[in-house]
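Here, each number is a calculation from the coordinates, and none is a lab measurement. None of the values given here were measured: they were computed from a predicted structure. Neighbour counts are summed over all protein chains in view; Cβ atoms, including those assigned to glycine, are modelled from backbone coordinates with ideal geometry.
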Amino acid sequence: MAHQVTLIPGDGIGPEISDAMREVVAATGVRIDWHVQTAGAAVMEREGTPLPERVLDSVRETGTAIKGPVTTPVGSGFRSVNVALRRAFDLYACVRPCLSMPGDGSRYDDVDLVIVRENTEDLYAGIEFDEGTDGARQIMATVEAAGAGTIKPDSAISLKPISVSGSERIVRYAFDYARANGRHKVTAVHKANIMKCTDGLFLHTAERVAADYPEIEFDARIVDATCMGLVQHPEDFDVLVLPNLYGDIVSDLCAGLVGGLGLAPGSNIGANQAIFEATHGSAPDIAGKDIANPTAMILSAAMMLDHLGEGAAAANIRIAVREVLAAGKQVTADIRRSLTGSFDGAVGTRAYGAAVAEAVARLS
Ligand code: NAI
């Protein structure tokens with residue numbers, strides 16, 4: 001029976017990399033009924049919202065979606081489609097594996113780690129007050145009345161809520177992921193030496209949850225030291241679990257360890273829905289030119305196939321990507337430049353996708 005999957009191609013380079021991804025998935029032989037749903041700026045013009053109810057209904061119905069990047073114009077009052085999707089389905093776990101590939105053009109060849117980022121709380125909860133507003137003034141008064149210090153009157157304020165329940169479910173997710181995927185260590189990343197209440201709560205919750213998984217090693221590191229450690233010795237890390245803001249920043253750092261955003265897949269997982277997507281944005285500077293690297297989208301599809309119970313097909317996609325990158329002959333411009341310092345000899349999005357699809361077909 002065919003799997004039902006919602007495909008949101010996105011905009012910018014989204015439609016091009018989605019086409020390449022579909023060709024590669026088709027080559028695995030796994031049957032998928034794609035429910036294609038448009039979202040984003042063009043949809044906003046036609047339907048008055050960048051994320052119409054029909055998109056949400058489709059994801060609710062299929063339970064599994066893969067999406068291309070969607071542009072979020074700065075300062076337009078335009079709601080971020082990504083944030084709205086994460087909120088609508090309470091997609092609390094953002095999972096981003098970072099695995100070195102031969103020929104990925106990076107400085108390392110032995111990175112194999114997984115970022116598990118909490119997706120719903122922290123400074124990204126969206127609770128913000130502009131300078132000079134009643135909300136900001138009320139918080140200043142509350143802080144002062146509680147004897148917790150004073151805030152300069154010309155301040156804007158963001159709140160950082162971190163809950164026991166939110167921390168527990170993300171840390172449990174990280175340990176369950178480690179257990180299911182044969183990983184041996186989980187590192188909780190925090191700044192509890194300074195933020196003793198919020199990050200302290202995250203750390204203590206992580207320590208408590210870790211006791212339920214005695215076969216998996218647990219350690220805790222401060223976020224700044226973690227960044228240095230990742231750059232110096234990425235091989236020391238296995239699964240990292242982080243609150244939202246640190247997770248966002250550290251996952252881009254880790255993408256840089258394995259060849260950059262064009263190669264970094266990701267997923268956003270909730271109790272009932274999962275949405276897979278590349279880590280990068282819509283790259284308007286190269287959109288429509290057949291030069292974008294579709295690897296992150298293709299590897300996101302491999303994560304999706306794992307999620308659908310199609311592990312063999314997922315493995316074949318990863319092997320095929322490794323083969324094509326290692327051969328170094330049919331690679332996109334970003335990879336070519338990392339390898340040789342020049343764009344000469346690069347192939348386009350379509351040709352690269354076709355090369356990976358051909359390798360997948362041979363393996364399947
Ligand atoms: P970006 O990731 O789109 O681009 C950053 C740089 O990386 C650009 O030079 C771009 O050409 C290059 N790049 C990105 N993906 C690439 C690929 N697959 N192959 C080759 N080169 C690639 O980040 P930027 O410019 O900050 O964001 C552009 C738009 O995307 C913004 O509106 C932003 O809000 C949106 N965005 C959407 C995301 C999503 O839908 N998940 C995630 C991040 C940003």
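In the chain, what percentage of the DSSP-assigned beta bridges are antiparallel, given to the nearest 5?
40 percent
At most 14 other C-beta atoms within 10 Å and a DSSP loop state: those are the exposed GluC sites (Glu not before Pro) I care about. Give me the longest piece of the chain that has none.
216-364
What's the longest piece of the chain with no exposed trypsin sites (Lys or Arg not before Pro), counting a site as exposed if DSSP puts it in a loop and it has at most 16 other beta carbons within 10 Å?
197-288
Grab the Cα-Cα distance for Glu47 and Glu128, subtract it from 0.36 nm times how many residues apart they are, and report the gain in nm with one decimal.
26.3 nm
At a Cα cut-off below 20 Å, give the aspartates and glutamates reachable from Lys152, other chains included and same-chain residues fewer than 8 away excluded.
Straight-distance partners of Lys152: Glu128, Asp130, Glu131, Asp134, Glu144.
By counting other Cβ atoms within 10 Å of each Cβ, how are Met304, Met101, Met140 ranked from fewest to most?
Final ranking by Cβ density, sparse to dense: Met140, Met101, Met304.
Provide Rg and Dmax in Å for the chain, with only Cα atoms included in the calculation.
21.2, 70
Return, in residue-number order, each cysteine of the chain whose C-beta is not under 4.7 Å from any other cysteine's C-beta.
Singleton cysteines: Cys94, Cys197, Cys227.
By how many degrees, 0 to 90 and rounded to 10, does the Cα axis of helix 295-307 deviate from the longest principal axis of the chain?
80 degrees
Would you calculate a helix-derived [θ] at 222 nm for the chain, using -39,500 (n - 2.57) for each DSSP H run of n ≥ 4 and dividing by the full residue count, to the nearest 500?
Mean residue ellipticity, 222 nm, calculated: -13500 deg cm²/dmol.
With angles folded into 0 to 90 degrees, how steeply does helix 198-210 sit against the dominant principal axis of the chain? Use alpha carbons for both and round to 10.
Rounded to the nearest ten degrees, it is 60.
What are the ³J(HN,Hα) values, in whole Hz, obtained from phi via the Karplus relation 6.51 cos²θ - 1.76 cosθ + 1.60 with θ = phi - 60°, for each residue of the range 166-178 in sequence order, with x given for Gly and Pro?
x, 5, 4, 6, 6, 5, 4, 4, 5, 5, 5, 4, 4
Could you give the dipole magnitude of the chain about its Cα centre, charging the beta-carbon of Lys and Arg +1 and that of Asp and Glu -1, in debye to the nearest 20?
In total the dipole reaches around 360 debye.
Taking the number of other C-beta atoms within 10 Å as the exposure measure, put Cys98, Cys254, Cys227 in order starting with the fewest.
Ordered from fewest to most neighbouring Cβ atoms within 10 Å, Cys98, Cys254, Cys227 come out as Cys227, Cys254, Cys98.
Gap in Å between the Cα centre of the range 251-302 and the Cα centre of the range 25-98?
A separation of 14 Å, based on Cα centres.
What does the charge count around Glu207 come to, taking other residues whose C-beta lies under 12 Å from its C-beta (Lys +1, Arg +1, Asp -1, Glu -1)?
Neighbour charge sum, excluding Glu207 itself: -2.
Where does each of Asp238, Asp130, Asp290 land when they are ranked from fewest to most other beta-carbon atoms within 10 angstrom?
Taking fewest neighbouring Cβ atoms as first place, the list is Asp130, Asp290, Asp238.
Any idea what angle helix 134-145 forms with the longest principal axis of the chain, computed on alpha-carbon atoms, 0 to 90 degrees, nearest 10?
Once rounded, one gets 50 degrees.
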